[in-house]
Each structure stands twice: as structure tokens, then as C-alpha cells.
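The values are calculated or read from the model by the stated rules, or taken from the named source; none is laboratory data. This is a predicted model, so every value here is computed, not measured. Because the Cβ atoms are built from the backbone with ideal geometry, glycine has one as well, and the counts that use them run over all protein chains shown. In case anyone asks, the SASA skips ligands and DNA or RNA and just uses the protein heavy atoms, side chains included. Shrake-Rupley method; radii C 1.70, N 1.55, O 1.52, S 1.80 Å.
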Amino acid sequence: MSFVERHGLWSDEQRAAAGRLRKIVEEQKLEVIRLSFPDQHGILRGKTLVASEALASMENGASITTTMLAKDTSHRTVFPVFTSGGGFGMREMEGAADVLMVPDPLSFRVLPWASATGWLLCDIYFADGRPVPFATRNLYRSVLAKLATRGYDFVAGLEVEFHIFKLEDAKMSPGDAGQPGQPPDVSLLSHGYQYLTEQRYDQMEPVLEIIRRDIVALGLPLRSVEVEFGPSQCEFTFAPGKGLEPADTMVLFRSAVKQIARRHGYHATFMCRPKLPNVFASGWHLHQSLISRANGENAFMAKDGDQPLSEFGRHYLAGLLKHARASAVFTTPTINGYKRYRTYSLAPDRAIWGRDNRGVMIRVLGAANDAATRLENRIGEPAANPYLYMASQILSGLDGVDRALDPGPSADAPYETQAPLLPKTLREAVTALKDDAFFRETLGAEFVDYYVHIKNAEIERFQAEVSDWEQREYFEMF
């Protein structure tokens, strides 16, 4: 009996997909298949197997070391993995032990840009069949399962801003390597500021078309391609998806864009605010709603009157606002991302909502009997782990429903309204999560402590560096 059978890991739908997958591998003569899982940062890690070995491991999994879950954003292992409990308090994590990557057949893709190559997202399990508790796709799936027991599905649409530059110097000399290595030198594809002008779009069209073609061929639900306000900045939007789909779309999209761009001499980055002259910060706006599993009706849709949301939707909205500070580390997980929260910009700086107002944190879009009624959370950065971002939204919103919280009135002056301010730094956000009883209960103290540890390691490395600002400010004066 296979590992999948023994532990009941696949649904009937996944089993059917596995059969189709095997036929595609044979018919298209695929030679290799990449097995990947999204790590704690939403970065894909894994192994490439020759096709025959990948198919043989479909139901028994492929081993991968647990240290993949112990790394910060510099790819340094920040837990004492060779001590008792491996720094996690779990014997299964000691000594860089292995866990199993088990493919999700429903995620299978044939890569348009790599010859004879397939691609599978995986979930990771211990040898006894238990999901690894620090694997964020597993965590998000458990949140979706709890939502399903309440009779709802989560629906999300993505608006993702990012930058594409011409790669001038990849910095590949041995001295440029490190943890992390030297970033590449780049040049602009457009000067920017001519927001949504056809002229700027046409300047970036050659690379945008390369990316668009392959993203569509990958099967991702692309809706639009736009030029954004800043130099070399663009935005891709995706049709709404349900459950795991939008989170999977985000991790596949980011990985695909970076790979495609690099193969053609470009550098794509989802870093929020690159340190380049005149470049603008990028955001990730998450459109969300809950749909009844019984009748497919949008639970946020008002039935009558002039309110943009149902009572259920208002309570869910209030939950997002209530937990905005503690969930900020999931929506904005990098030190750099907090440089986006600026007063009188198109980014929020406090936990408020408004009707179709782009200065607020939650933009409410809807009206009575409008089936497309939704909440647009504008807090996120494009580097966020989508599984944690979306899980935190569902949990926060449902708490608002359970407690019948009131979101208050619409904020027509978003940068003047009295409301709790969003964290100004990653340290402030990490502290808010660490001290938050709600997330410690709903995500588990084990996961919260794990994530706080990784983020603090990142912050401590940052604080140990002497910045350009410090050198300018103090080197001559003192």
C-alpha cells in the first residue's frame, strides 16, 4: 500500500488527476518533473526528478530535509537543528531529518519556457502521515476546511504590482556570492509616471508579452496586464478563484515571472520598494468574499437598502480591521514592505474602511444585489506568503462574524480619520503577532512562535548592518 493510500491523502478528484497526469507525461514525452513546495516565505523549493522517477514517487513522496523550514530570507538556517528537538521542540525535526513531499496532482503544469518539463506543487508530511505543522499550504488548507464546516468557500482575486528591469550585470563573480549575494545591476524599461498610457505600455510590451504568453500557457487565470505609475512598474490581475487556487496562483505566478524574465535578459522583482532612484513601492491588493456552499450566494452581498454589504459582510470587515495590526506580519512580512505605508499615498497607514476609496485599508466594492460584492484589502505587499495572507484574512473575518463586531462608518478622509495605526516597522508587526492571543489560539502557539523566531532573525541581521544613512549622518559629525 502506498503512502498516499495508507494515510488517505488524496481525494477522488486528485486520483483522477494523477491518471491524467501520467498520460500527459507519456504523450508529451516529458523528461523531467519539478516537485516544489512553498516554504514559510512563499518561495518554491524542491527537487527535479527524471519523469519516470517522479511518476514512481507520486504516491510515496520524495524526501526533503526539514532545514528548508528553518531558514530566514537570507536562506540561513536560524534554528539549532542539531540540538534536541531541532530548535522546534519536535524529535521529527532533529538533525536535519527528512520529511516527504507528496505531489498534489491537481496542480500539475507543463512548463511553457522549459523543454520537456513538468511542474507539481507538493505538500509535506512526516513519515507517520501527519502534515508538517510549519508548512503554510497545509496550514491554509486546515483554515479552509474549518471555513467549509461553517458552510462557506473563500473566493479571492489578485491585483499584483511588481517591477521588471533590463538586466545589465547579474553580479556572478565568485566574490558576489553570499547569503544573500550581491543584487544585480539593472536599467529601466520605462520612465514611468504616465500611468496607464499606451505609450508606456508599448515600451514595456516586448517583455510583458513574453510573460503574458507563458502565464496563459501555464493555465493561470490572467485577466489584465497594465503599466503602473512608477518606472518599470506593472500590474497583473487575475480572475477570482476559490480555496487553494488563488494562493497557488500567486506562488506559481511569482516563480514563473522571475524565471521567464531571467531567461530573456530581464530582472523581475516583487520586492516592495527597490532602492533605485525614482522607483515607486508596489502593493498586492487582495479582493475577497465568502460564498455559500449551499446555494453559491455571495455572503457579503446586501439584499436591499443603500448599504454596500450585508450584516455578515460588515461583521467580517470589522474582524479584518480588528486584527489588522497582528496580521500585518502576514500581509507585509519584510522589513522593506513597511516603507510603503505612507500618509496621502495610494497605500493605507491605519485600519479603516471606505466605500470605493483607494486611501483606506479595506475598500468596499458592492451594492444591493450585486453578486460581485467584495472587500479589497490594500494592505499587502507582493512578497507576502499567500497562504498566510489568506489564512489570516479568513480567521480575522470570521472572528468579526462570531463577535458581531461593528466596523464603524466609512472613512471619507482616510489619512485624518481616528483609527489604530498600522505597524511602522516589521519589528512592531512581529511584536503585535507575538502578543496576540487570538492568533496564538487560531494558528497555534507552536506556529506563531516559529514564525516570530524566523522574522526576528531577519530583523537582527538588518539591525547589525551599518546603513548609508548612519554613515552620512554620523561619520563626519562625530
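Couple of notes before you dig in:
- For residue 268, the conditions (1) touching a His at 6+ places or on another chain (Cβ under 8 Å); (2) within 29 Å of residue 370 (Cβ to Cβ) all hold with the exception of (2).
- Only a single criterion out of (1) in contact (Cβ under 8 Å) with a residue 12 or more places away in the chain; (2) of a type in the set (Gly, Ala, Ser); (3) more than 25 Å from residue 69 (Cβ to Cβ) is not satisfied by residue 429, namely (3).
Condition check ((1) assigned to a loop (DSSP other than H, G, I, E, B); (2) open to solvent by 30 Å² or more (accessible area, probe 1.4 Å); (3) without any contact (Cβ under 8 Å) to a residue 12 or more places away in the chain; (4) under 23 Å from residue 407 (Cβ atoms)) across all residues:
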| position | (1), (2), (3), (4) |
| --- | --- |
| 277 | yes, yes, yes, no |
| 287 | no, no, no, yes |
| 295 | yes, yes, yes, no |
| 300 | yes, no, no, yes |
| 308 | yes, no, no, yes |
| 313 | no, no, no, yes |
| 326 | no, no, no, yes |
| 341 | yes, no, no, yes |
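- Residue check for residue 392: crowded, with 23+ Cβ neighbours inside 10 Å and under 23 Å from residue 156 (Cβ atoms): yes
- Among the residues listed as 371, 383, 367, 318, the single one being open to solvent by less than 20 Å² (accessible area, probe 1.4 Å) and among the aliphatic types (A, V, I, L, M): 318
- Residue within region 467-474 that is part of a loop (DSSP other than H, G, I, E, B) and either open to solvent by 60 Å² or more (accessible area, probe 1.4 Å) or at negative phi (or both) present: yes
- Region 121-145 residues that are closer than 20 Å to residue 49 by Cβ, paired with ones that are in a strand (DSSP E or B) and open to solvent by 20 Å² or more (accessible area, probe 1.4 Å) (beta carbon under 6 Å, 6 or more apart): 125/100; 125/131
- Of 345, 289, all but one fail to be of a type in the set (Ser, Thr, Tyr) and more than 22 Å from residue 249 (Cα to Cα); the exception is 345.
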